[in-house]
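Below is one structure, written out as structure tokens; comments come after it.
We did not get these values from a lab; they are worked out from the coordinates using the rules stated. Everything numeric here is computed off the predicted structure, so don't read it as measured data. Cβ atoms come from the backbone with ideal geometry, glycine included; neighbour counts cover every protein chain shown.
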Amino acid sequence: MLPKLLHFYFFLTLAAGFIIGVLVASYTLSQGFVYLDLGIHETELTNSTSDDLLSVAWNESVVIEPSTPDLASAAWNESLGFGEVLYVSMPERTDRQDAMNLAASMSGLKLRLINGVVGESISVKAVPDNNANKWTLRPSELGCWRAHADAWRYVIDTNIETALIIEDDIDWDKNVHQIFQDLSSQMQNSTLRLVPPTEHEQTSAPYGLDWDVLIMGQCYDSAHPKRLDLVHVYDDPNVPSRKDTEQVFLKQMESLGVKGNDVGKKRLISPAYGPICTMGYAITRRGAQRLLLNLSYLNLRGPVDMDMMWNLQEGKIRGYSVTPPPFTAWRTGGQKDSDNKHDPKLSVSGNGNRGGWSSNIKNSARAAMVNELAMNNWGDYTKKETPPEPEKQTGKGNNGGRKGNGANGR
């Protein structure tokens, strides 16, 4: 009996040991695969260059879904989906600063002031070289350049990814958030990109990052005459009508194939080539670096907008133009429309903001805010329905007269 019992316990112990061994081996092997898998991915991420990651993102077999359901909805925030909105204004132009603060508050925007610069205050030694000798800059032009260069420096110093830079004498459409949401959607699916969007762009950059400057407040523009095939056209219900669009932009749109009934319905994006004026443009951080390099460190060949245009034409910076532009000049007439020194021989005032006007937009934000904030307090009191006056007691009423109705009157 005893030997049989010993044999039973022996086989039981052997079976238990076998089971425990299998379990331990399985756990060790699985952990090995886990660590091996992690090790492979860590090596790939550590050794991959941006070009490698770019090629993976561009592989048609790899679909990278954005983490944000609708990245374009960032256009509804207080900076229209950019890192910040900066506006340039001379310190003494508090009238314009009041206007910008008011218009921005009514449009749900938040602005950061970049002080304008008096050209005469810039040291001769601080003026960039002008080896090309194309232009002799006036003090006002030099001050304008310095203010915009200070905005570029701000973008670099604060390490924000993008910034919208506007000037203090502009107008925009009251539906500005919707306009920029549509623009964001189009730029995310742009047919003009030279490089595929990175995963970061697909999740965190509403307008992409494949550009240095995004021109959106030009007073003149033209497309590259030899690359009129490069255009991205899309529907926009907030595009101004033909009569509200300046001729220069109608001409540019026609050269790029937008004409006839499409005018007043379509907006377009094209590679920036011939924009003039800096009323509104966005920059990436790399764009700020390139602008500061080419329009300060190396040289300055003319007014800031002209030199920016030359750099675009020479291919030293990359940009897109939006036409018709979302930002436009607000004009009142008279000397207030300029930051140049006051001429005592001329009147300061023009038509004033009540008689101001703007082109290239469908619904002026400045006009809309006047209407929205307008009220007639005492007129409202007058219109309010008041209770009727109580009926006067004349002695001939139904209950108070001697000659009442029926037997009670006798």
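Listed residues 128, 139, 91; which is farther than 19 Å from residue 214 by Cβ, in contact (Cβ under 8 Å) with a residue 60 or more places away in the chain and of a type outside the set (A, V, I, L, M)?
Working: 139 fails: in contact (Cβ under 8 Å) with a residue 60 or more places away in the chain; 91 fails: in contact (Cβ under 8 Å) with a residue 60 or more places away in the chain.
Exactly one of 128, 139, 91 is farther than 19 Å from residue 214 by Cβ, in contact (Cβ under 8 Å) with a residue 60 or more places away in the chain and of a type outside the set (A, V, I, L, M), namely 128.
Say we look at region 258-281 and pick out the residues that are in contact with a strand residue (DSSP E or B) (Cβ under 7 Å, 6 or more places away or on another chain), over 15 Å from residue 217 (Cβ atoms) and not β-branched (Val, Ile, Thr); which of these is surrounded by the fewest Cβ atoms within 10 Å (Cβ to Cβ)?
265
Take residue 123 and tell me if it is surrounded by 16 or more Cβ atoms within 10 Å (Cβ to Cβ) and farther than 13 Å from residue 167 by Cα.
Working: surrounded by 16 or more Cβ atoms within 10 Å (Cβ to Cβ): no; farther than 13 Å from residue 167 by Cα: yes.
Here the answer is no, as residue 123 does not meet what is asked.
Among the residues of region 324-377, what is the count of those that are of a type in the set (Asp, Glu), in contact (Cβ under 8 Å) with a residue 60 or more places away in the chain and out of contact with any Asp or Glu (no Cβ under 9 Å at 6 or more places or on another chain)? Spell out the reasoning first.
Initial filter on region 324-377 (of a type in the set (Asp, Glu)): 337, 339, 343, 372.
With the extra rule that they be in contact (Cβ under 8 Å) with a residue 60 or more places away in the chain, the set shrinks to 337, 339, 372.
Imposing the further condition that a residue be out of contact with any Asp or Glu (no Cβ under 9 Å at 6 or more places or on another chain) reduces the set to 372.
Selection size over region 324-377: 1.
Checking residue 91 against (1) in a helix (DSSP H, G or I); (2) surrounded by fewer than 13 Cβ atoms within 10 Å (Cβ to Cβ), which single condition isn't satisfied?
The one condition residue 91 does not meet is (1).
Of the residues that sit in region 229-241 and are assigned to a loop (DSSP other than H, G, I, E, B) and more than 17 Å from residue 319 (Cβ to Cβ), which one is farthest from the chain's Cα centre (by Cα)? Write out each step before concluding.
At the first step, the residues of region 229-241 found to be assigned to a loop (DSSP other than H, G, I, E, B) are 229-231, 236-241.
Retained after the next criterion (residues that are more than 17 Å from residue 319 (Cβ to Cβ)): 229, 236-241.
On the way: 229: 26, 236: 16, 237: 18, 238: 16, 239: 17, 240: 19, 241: 23 Å.
Once the filter is applied, the top-ranked residue is 229.
Would you mention how many residues in region 307-323 are part of a loop (DSSP other than H, G, I, E, B) and without any contact (Cβ under 8 Å) to a residue 40 or more places away in the chain?
Residues flagged as part of a loop (DSSP other than H, G, I, E, B) and without any contact (Cβ under 8 Å) to a residue 40 or more places away in the chain within region 307-323 amount to 2.
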